[in-house]
């Protein structure tokens, strides 16, 4: 099927790191330099779950999230990136659904995330997916939570 979105979980640490670096050109965060991206990719490779999306064998998106708060059963999405050529095709929505499914399957009770308050497209995506606004800071960050 043309333009079918295929999401898969990446488990290999080296592959996770490569994917984060590959998608770094598409991130909303323009404050990240090459050194920051390498450090972020190492942290994600070591500690985060990663889901990628592919459309017609072309990299379409990446989402990473931490599932290490076992006491409160809270996951935290730390990075959502979509290839600009694939935006508007449901890539981020498909990846979010996969994250929710994975977290629920692993006994997590909620998912949290932080987004720049001026990133209206991302905010719309999260609210459409059922995330509720928790807090907004004076430095332009908004926090959301989804109860599973």
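The values are calculated or read from the model by the stated rules, or taken from the named source; none is laboratory data. Being a predicted model, the structure only gives us computed values, none of them experimental. Here the Cβ positions follow ideal geometry from the backbone for every residue, glycine too, while neighbour counts run over all protein chains shown.
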Worksheet, complete the sentence: The residue that is modelled with the lowest pLDDT, considering only those in region 11-23 that are surrounded by fewer than 20 Cβ atoms within 10 Å (Cβ to Cβ) and farther than 19 Å from residue 56 by Cβ, is 21
Practice prompt. Starting from region 126-148, take each residue that is free of Cβ contacts under 8 Å to residues at least 24 places away in the same chain and at positive phi and list its partners that are in a strand (DSSP E or B) and surrounded by 12 or more Cβ atoms within 10 Å (Cβ to Cβ), counting only C-beta distances under 9 angstrom and pairs at least six apart or across chains.
Written response: 130/146
Worksheet item: When you go through 78, 68, 83 one by one, which is the residue that is closer than 15 Å to residue 146 by Cα, in contact with a helix residue (DSSP H, G or I) (Cβ under 8 Å, 6 or more places away or on another chain) and touching a residue at least 12 places away in the same chain (Cβ under 8 Å)?
Response: 78
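Here's the yes/no breakdown for (1) touching a helix residue (DSSP H, G or I) at 6+ places or on another chain (Cβ under 7 Å); (2) at pLDDT 95 or above; (3) surrounded by fewer than 21 Cβ atoms within 10 Å (Cβ to Cβ):
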{"position": "59", "(1), (2), (3)": "yes, no, yes"}
{"position": "105", "(1), (2), (3)": "no, yes, yes"}
{"position": "109", "(1), (2), (3)": "no, yes, yes"}
{"position": "132", "(1), (2), (3)": "no, yes, yes"}
{"position": "148", "(1), (2), (3)": "yes, yes, yes"}
Discussion item. Tell me the residue from 53, 45 that is in contact with a strand residue (DSSP E or B) (Cβ under 6 Å, 6 or more places away or on another chain), surrounded by 17 or more Cβ atoms within 10 Å (Cβ to Cβ) and not in a loop (DSSP other than H, G, I, E, B), please.
Written reply: 53
Discussion item. Please determine whether any residue of region 83-102 is on the phi < 0 side of the Ramachandran plot, surrounded by 14 or more Cβ atoms within 10 Å (Cβ to Cβ) and part of a strand (DSSP E or B).
Written reply: no
